[in-house]
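The values are calculated or read from the model by the stated rules, or taken from the named source; none is laboratory data. In this text, all values refer to a predicted model and were calculated from it rather than measured experimentally. All Cβ positions, even for glycine, are placed from backbone atoms using ideal geometry, and neighbour counts span all protein chains on display. The area values use the complete protein model at the heavy-atom level, side chains included, leaving out ligands, DNA and RNA. Shrake-Rupley method; radii C 1.70, N 1.55, O 1.52, S 1.80 Å.
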Amino acid sequence: MAAVTEHLTHEHPAERLRTNRLGLWLFIASESFLFAALISARYYLLGTERSEHLNQALGFAISLVLLTSSLFAYRAETAARFGDQRGFRRATATTIALGLLFMVGVVLEWREGLAFFPPSTLYGSAFFTLVGFHAFHVFTGVVALALLLFVGRDGRFGPENHWPVEGVVKYWHFVDVAWVFIFPTLYLVK
Amino acid sequence: MAKPETVQGRRSAMALGTAVFVALIVLDAIEFVVAQVAGQLLLWMTLLAIPQAALILWFYMHIRQLWREEAH
């Protein structure tokens with residue numbers, strides 16, 4: 001144990017960064033299996049059947065919001081990597097705002113969904129579980145981004161210390177990747 | 001003052017991010033339009049979702065860092 005602690009303490013920064021990245025990618029892979037299981041359950045239970053009451057336009061709109069948030073998350077990471085503190089703070093704040101806007105869209109969709117296909121129905125069960133699970137990830141992403149913005153307000157993230165930004169932003173992009181598959185699965189396929 | 005190569009590197013990274021974003025929006029819009037007009041939707045949606053995920057994984061999440069050493 002002591003040897004491991006000593007090794008970690010004296011680990012080269014590049015080595016540590018590589019280890020951090022590998023750990024995050026393993027976490028993302030495990031999360032992917034969860035989303036894949038839920039998407040598979042939707043097709044297993046319902047085939048390609050879809051509710052006619054789904055608001056596809058709203059689904060498309062919140063997709064665009066989430067994709068735009070990914071652009072700003074990328075810009076935040078790039079700004080931190082190049083030491084642009086103002087750019088980092090502005091892009092992170094915009095990403096948070098877009099994440100919250102996405103969640104407002106989900107709430108609107110849930111209000112409509114509850115009227116037409118409540119969770120007690122087969123379709124409602126698949127819809128609310130999948131969207132709810134994803135929305136929870138968006139929520140945790142927003143919290144992580146807000147923490148990043150708070151911690152980074154003194155300009156601590158820069159070219160030599162951008163792993164926290166990279167890690168949170170990677171997680172945010174993963175949430176976007178999951179939605180890229182959830183959106184057609186729930187809103188478009190029939 | 002920032003070094004010229006740093007400014008240039010940041011500019012090209014931002015431009016790349018914007019280009020990927022435009023590609024994602026276009027693919028998403030095509031997906032939405034195809035869903036209104038085409039049959040065999042599961043196949044079409046899969047064909048359109050995979051490139052979107054690949055663009056995000058490659059350019060935004062830098063998945064290549066897993067097997068390639070990079071300075072950042």
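Pick out the one residue from A:ALA135, A:ALA115 that is more than 12 Å from the chain's Cα centre (by Cα) and assigned to a helix (DSSP H, G or I). Full working, then the answer.
Details: A:ALA135 fails: more than 12 Å from the chain's Cα centre (by Cα).
None of the others qualify; the one that does is A:ALA115.
Can you find a residue that is assigned to a helix (DSSP H, G or I), acidic (Asp, Glu) and away from chain B (no Cβ under 12 Å) anywhere in segment A:97-109?
yes
What's the number of the condition A:LYS190 fails, among (1) within 12 Å of chain B (Cβ to nearest Cβ); (2) in a helix (DSSP H, G or I); (3) not aromatic (Phe, Trp, Tyr)?
Of everything listed in (1) within 12 Å of chain B (Cβ to nearest Cβ); (2) in a helix (DSSP H, G or I); (3) not aromatic (Phe, Trp, Tyr), A:LYS190 misses just condition (2).
Quick test of your reading of the structure: A:PHE102 fulfils all but one of (1) crowded, with 20+ Cβ neighbours inside 10 Å; (2) under 24 Å from A:ARG156 (Cα atoms). Name the failing condition by number.
For A:PHE102, the failing item is (2).
Listed residues A:LEU71, A:LEU26; which is in a helix (DSSP H, G or I), out of contact with any strand residue (DSSP E or B) (no Cβ under 9 Å at 6 or more places or on another chain), farther than 22 Å from A:LEU130 by Cα and within 11 Å of chain B (Cβ to nearest Cβ)?
The match here is A:LEU71.
Enumerate the pairs (first residue in segment B:17-41 and outside any helix (DSSP H, G or I); second residue anywhere and crowded, with 16+ Cβ neighbours inside 10 Å) with beta-carbon separation below 8 Å, excluding pairs fewer than 6 apart on the same chain, so at least 6 apart or on different chains.
Close Cβ pairs (under 8 Å, with a partner that is crowded, with 16+ Cβ neighbours inside 10 Å) amount to B:ALA38/B:TRP44.
Could you say whether any residue in segment A:161-180 is touching an Asp or Glu at 6+ places or on another chain (Cβ under 8 Å), assigned to a loop (DSSP other than H, G, I, E, B) and within 10 Å of chain B (Cβ to nearest Cβ)?
Scanning segment A:161-180 turns up at least one residue that is touching an Asp or Glu at 6+ places or on another chain (Cβ under 8 Å), assigned to a loop (DSSP other than H, G, I, E, B) and within 10 Å of chain B (Cβ to nearest Cβ).
Specify the residue that is farthest from A:THR68 (Cα to Cα); the eligible residues are those in segment B:29-49 that are open to solvent by 70 Å² or more (accessible area, probe 1.4 Å) and more than 9 Å from chain A (Cβ to nearest Cβ).
In this case the residue turns out to be B:GLN40.
For residues that are surrounded by 23 or more Cβ atoms within 10 Å (Cβ to Cβ) and of a type in the set (Gly, Ala, Ser), scanning just segment A:141-190, find the one that is nearest to B:ILE63 (Cα to Cα).
Taking the candidates together, the pick is A:ALA178.
Quick check on segment A:75-94: of everything there that is hydroxyl-bearing (Ser, Thr, Tyr) and away from chain B (no Cβ under 12 Å), which residue is surrounded by the most Cβ atoms within 10 Å (Cβ to Cβ)? Lay out the reasoning, then the answer.
Of the residues in segment A:75-94, the ones hydroxyl-bearing (Ser, Thr, Tyr) are A:78, A:92, A:94.
When the remaining residues are screened for being away from chain B (no Cβ under 12 Å), the result is A:92, A:94.
Details: A:THR92: 27, A:THR94: 17.
Out of the qualifying residues, it is A:THR92.
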